[in-house]
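Below is one structure, written out as structure tokens; comments come after it.
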Amino acid sequence: MTDLDGLDGFTIEVPSWAYGNSGTRFKVFTRPGGPRNPYEKLSDAAQVNRLTGLADRVSLHIPWDLVDDWSDLKAHADKLGVRIGAINSNVFQDDDYRLGSLCNPDPAIRRKAIDHHKQCLDVMRQTGSTDLKIWLPDGLNYAGQDSLRGRQERLAESLREIYDASDDDHRILLEYKFFEPYFYATDIPDWGTSLLHCLALGERATVVLDTGHHAPGTNIEFIVMQLLRQGRLGAFDFNSRYYADDDLIVGSADPFQLFRIMSEIVAVGAHRPESGVNFMLDQCHNIEEKIPGQIRSVLNVEAALAKALLVDQEAIAAAQRAGDVLGAHQVLMDAFETDVRSALADRREARGLPRDPVKAFQASGYAETAAAQRVGGTQASWGA
Ligand code: LRH
Ligand code: MN
């Protein structure tokens, strides 16, 4: 029995869109061997699980990952040793949604957006997915452009219809974001607004916390603690950022923040599979290799969790009770500053996995084979 046994059963869901081309409004860079369809995205994602044993689920995005035969794609996933995870709706790439989707003043547009979510529920029934993840771009650019209250009423009504159309084993994961693509107001800007809508909907509605969706300086681990207290933390979209929704490798910009978040998780055992918290990545690898980038990401989350598992809970509780400010802080810092890399490499080796998964991937020749085989067709690109 070691402290790292708490890692047993911990898994991370990777996003299909991280394997396709992505970029900024300035440039989307392409590279040889990029996936051209959901089958090739799943094959690439499965490399992360093969080499880390941590990522046995892949989130899909609709319509980016639409296929003719879902049972065939599911069979492909099974063969690769992965499962199709959360299904993401997409109401952020259609001219009709210029003034909003579920919040749009026009009932016909709201109808279209609601029907898209019902289509996603049907996809879930065919893929065996249980999580419908909803992120809405909906917002305003100018004060007075629309009624802030009116949009909330429409949102509540639209979400109610989607929730009531979902099955008893389905969860609604409602994501918030403080700005972008609109700049004056966002209809689900913060955890409180998402939580209020989830509480109004019912038990199966929970909040998604995307680590890139907060105003600079936000204490994200406080939000994690509060959502866990409410039993409404459904999932994370992990990534890193310096300024806005940069979608960089989780833990690359602020590993201490990731550790603090995982410490709030470990404090209540929410890292355990039975907690129902879906630990997902939501990233874009604009300039770096995508599969090594994903491997690096899941290892960063695992390392942050391993350090959080090393926090001496009794010592920190005693110091906190005693008002020992520096003592309590030191207990946390001792865990954070513990180098867990060789212990995690030993743990991988003991499970028949490579000590250094990134090196193992680069030595596997998978990328070269993909570049040689994937000739012709159109590479999958963020947005297409
Ligand atoms: C929105 C978001 C959302 C996804 C998209 C790929 O910024 O975080 O989770 O739909 O990225
Ligand atoms: Mn997200």
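Numbers below:
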item	result
Stretchable slack from residue 314 to residue 69, in nm (0.36 nm times residue separation minus alpha-carbon distance)	82.9 nm
Under-5 Å amide H pairs with residue 61, H placed in peptide plane, nonlocal only	88
Count of Lys pairs (Cα-Cα under 24 Å; at least 8 positions apart or interchain) in the chain	20
Net lengthening on full extension, residue 355/residue 122 (0.36 nm per residue, minus Cα-Cα)	79.8 nm
Rg over Rh, two decimals, the range 94-152 (C-alpha only, Kirkwood Rh)	1.06
Fraction of antiparallel bridges per DSSP, the chain only, in percent to nearest 5	10 percent
Mean Cα-pair separation over length for the chain, i.e. relative contact order, pairs under 8 Å, 6 or more apart, %	21 percent
Residue 149 versus residue 165: modelled label distance in nm, points set 7 Å from Cα along the beta carbon direction	2.9 nm
Per-residue ³J(HN,Hα) for the range 178-186, Karplus 6.51 cos²θ - 1.76 cosθ + 1.60, θ = phi - 60°, Hz, x for Gly and Pro	6, 6, 6, x, 10, 10, 8, 8, 10
Exposure of residue 74 as accessible area (Å², to 10), given a probe of 1.4 Å and all protein chains	70 Å²
Dipole magnitude (debye, nearest 20) for the chain, charges at Cβ of Lys, Arg, Asp, Glu	500 debye
The chain: most fluctuating residue of 365, 192, 81 per GNM, C-alpha cutoff 10 Å	365
Order of exposure, largest accessible area first, which applies to 348, 355 with probe 1.4 Å	355, 348
Surface accessible to a 1.4 Å probe, residue 183 within the full protein complex, Å²	140 Å²
Intensity falloff of the chain expressed as log10 I(q)/I(0), Debye formula with alpha-carbon point scatterers, at q = 0.11, 0.13 Å⁻¹	-0.79, -1.11
Overall Cα dimensions of the range 1-118, principal axis frame, Å, largest first	58, 37, 32
Long-range amide H partners of residue 131 with built H, under 5 Å	87, 171
Radius of gyration and maximum dimension Dmax of the range 310-364, Cα, Å	17.2, 54
Once the Cα gyration tensor of the range 216-335 is diagonalised, semi-axes √(5λ) in Å	27, 16, 14
Per residue Cα convex hull volume in Å³ - calculated over the range 203-269	83 Å³
³J(HN,Hα) computed for each position of the range 92-103 - Karplus, 6.51 cos²θ - 1.76 cosθ + 1.60, integer Hz, glycine/proline x	10, 9, 10, 3, 4, 9, 4, 9, x, 10, 5, 9
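The values are calculated or read from the model by the stated rules, or taken from the named source; none is laboratory data. Predicted, not measured: the structure shown is a model, and the values here were computed from it. All Cβ positions, glycine included, derive from the backbone under ideal geometry; neighbour counts span all protein chains shown. Ligands, DNA and RNA are stripped out before the accessible areas are found, and what is left, the full protein with its side chains, is counted by its heavy atoms. Shrake-Rupley method; radii C 1.70, N 1.55, O 1.52, S 1.80 Å.
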